[in-house]
Amino acid sequence: MDLAVTFLGTGGSVPSARRSTASVLVARGGERLLFDCGEGTQRQMQRSLGLVQADEIYLTHFHADHILGLPGLLKTYDLTDRQVPLKIFGPQGLTELFQVFSPLIGRLGFALDLIELGPGDPVAHDGYEVRPFEAAHSARANGYALVEAERPGRFDPEAAAAAGVPEGPAYTALQRGEIVEGTAGPVTPDLVMGPSRPGRTIVITGDSAPSPATVSAAADADLLVHDASFAEEEVQRAAETGHSTVGQAAAVAAEAHVKLLALVHISSRYHVGKVIEEAREVFEPTIAPKDFDVIELPFPERGEPHLIPNGAREPNGDG
């Protein structure tokens, strides 16, 4: 099952020529989940992947740089004859937000389902959950953890053959967890299946100061996408505004033992190379993705998460 994160907007509160405002697209198999929808999100899609038909949209909070792209995206979906219903999740206040947006959006030709989530309200999917947690921002805000279920262990055909299980449907039944007959009697799955294998976890904080809730949600995660709005000399301002410094984000990643840290929401007044240097002094596996970069996350036994620069516009990573 493929799992990839495309960065449509990686900049701070003010868009720049190179970095748009907050928007991250997670693709798992055939599903597309959009996290935040800053100004120009649909344009960022059209410049890279094409107009992605998101299956669900998750809003971390309702500050303008995280939501202003919604009216345009939803209206474009309508004008391009979308029929599939769309679920939009967010913290308390989501319904009120759409009362404000209603005159801008008008009538839609597809169903819109607005669902307010608090910490501890997981959204179940086939093979994974999206778990909201409380982000430490200046307004009510959610972070989100996409957590895959454990996978069955590897099937050992030699062990099955030794137990007298015939090849074919019986092998499949064992992998489904069923007991089958062998030459010497019943054969249980534990005799032919290895230990369960972990799924993958992606955590997206949105705007947030460092917090124990993030550390808990990101424990042993494959990827942590964390706010890094300020350099260390502005730690007081970060605290006052509910954001993180670069070093604080790195410290969260280190405490949570994540595999890879991706810094976003970096102010345009900073040199990103120096930002990464600061972070790597605390947590070495740190990157600062640019707009249109992609991070692919193979299953753990197949490799580590890795960055594909400009991967949304160069699918083979050659550009």
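Tell me whether the stretch 152-253 comes out rounded, prolate or oblate; compute the Cα gyration tensor, take square roots of the eigenvalues as a ≥ b ≥ c, and use a/c under 1.5 as the rounded threshold. Prolate, since a/c reaches 1.5 and a/b exceeds b/c.
Let me check against my output: what whole-number percent is the relative contact order of the stretch 148-254, with C-alpha pairs under 8 Å and at least 6 apart?
Numbers: 167 pairs, mean separation 24.3, N = 107.
After rounding, I find 23 percent.
Computed 3J(HN,Hα) for the stretch 178-188, one whole-Hz value per residue from the Karplus formula 6.51 cos²θ - 1.76 cosθ + 1.60 where θ = phi - 60°, is 9, 8, 10, 8, x, 5, 10, x, x, 10, 8, glycine and proline marked x.
The phi torsions of the stretch 228-241, fed into the Karplus equation with coefficients 6.51, -1.76 and 1.60 and a -60° offset, translate into couplings of 9, 5, 10, 7, 5, 5, 10, 4, 5, 5, 4, 5, 5, 9 Hz, rounded to whole numbers, with Gly and Pro shown as x.
Here's the picture: a label point sits 7 Å out from the Cα of Ser268 along the beta-carbon direction, and within the stretch 9-35 the residues with their amide nitrogen under 11 Å of it are 11-21.
Between Glu240 and His306, what is the FRET efficiency for a Förster distance of 30 Å, r being their Cβ-Cβ separation, to the nearest 0.05?
Plugging the Cβ-Cβ distance into 1/(1 + (r/R0)^6) gives 0.25.
Among DSSP bridges having both ends in the stretch 197-319, what percentage is antiparallel? Round to the nearest 5.
Details: 3 of 13 bridges.
If I count the DSSP bridges inside the stretch 197-319, around 25 percent turn out antiparallel.
Mind giving me the nanometre distance, one decimal, between the label points for Lys290 and Arg140, set 7 Å out from Cα along Cα→Cβ? My value for the distance between the label points is 3.9 nm. Given a Förster distance of 45 angstrom, what is the FRET efficiency for Glu277 paired with Glu178, based on the Cβ-Cβ distance and rounded to 0.05? Rounded to the nearest 0.05, the efficiency is 0.25. By the helix-only formula, in which each DSSP H run with n ≥ 4 contributes -39500 (n - 2.57) and the sum is divided by residues, the chain has a 222 nm mean residue ellipticity of -6500 deg cm²/dmol.
Relative contact order for the stretch 109-200: 24 percent, from Cα pairs under 8 Å spaced at least 6 residues apart, divided by residue count. For the peptides 214-227, 136-149, 182-195, the ranking by packing is 214-227, 136-149, 182-195, with the highest mean count of neighbouring Cβ atoms within 10 Å listed first.
Please report the antiparallel percentage of the DSSP beta bridges confined to the chain, to the nearest 5.
Numbers: 37 of 59 bridges.
About 65 percent, rounded to the nearest 5.
Remark: relative contact order (the stretch 38-186) = 17 percent; criterion is Cα-Cα distance under 8 angstrom and separation of 6 or more residues. For the pair Val84 and Glu116 in one chain, pulling the backbone fully straight at 0.36 nm per residue adds 9.5 nm over the alpha carbon distance. Per atom type, the chain shows carbon and sulfur on 51% of its accessible surface, probed at 1.4 Å. Shown in residue order for the stretch 44-60 are the 3J(HN,Hα) couplings computed by the Karplus curve 6.51 cos²θ - 1.76 cosθ + 1.60 at θ = phi - 60°: 4, 4, 5, 7, 9, 7, x, 6, 6, 8, 5, 7, 8, 10, 10, 9, 6 Hz (x for Gly and Pro).
Annotation: amide H of Tyr58 within the under-5 Å range of Leu34, Phe35, Asp36, Phe89, sequence separation 5 or more or interchain, hydrogens built in the peptide plane. Applying 1/(1 + (r/R0)^6) with r as the Cβ-Cβ distance of Asp126 and Phe299 and R0 = 22 angstrom yields a FRET efficiency of 0.85.
Packing-wise, with mean Cβ within 10 Å as the measure, how do 80-87, 291-298 rank, highest first?
Values: 80-87: 12.4, 291-298: 21.4.
Order by mean packing, descending: 291-298, 80-87.
For the stretch 76-222, the antiparallel share of DSSP beta bridges with both residues in that region comes to about 80%.
The values are calculated or read from the model by the stated rules, or taken from the named source; none is laboratory data. Quantities reported herein were computed from a predicted structural model and do not represent experimental measurements. Please note: Cβ atoms are built from the backbone with ideal geometry, for glycine as well, and neighbour counts cover all protein chains shown. For the accessible areas, the whole protein counts, side chains as well, though only heavy atoms, and no ligand, DNA or RNA atoms are used. Shrake-Rupley method; radii C 1.70, N 1.55, O 1.52, S 1.80 Å.
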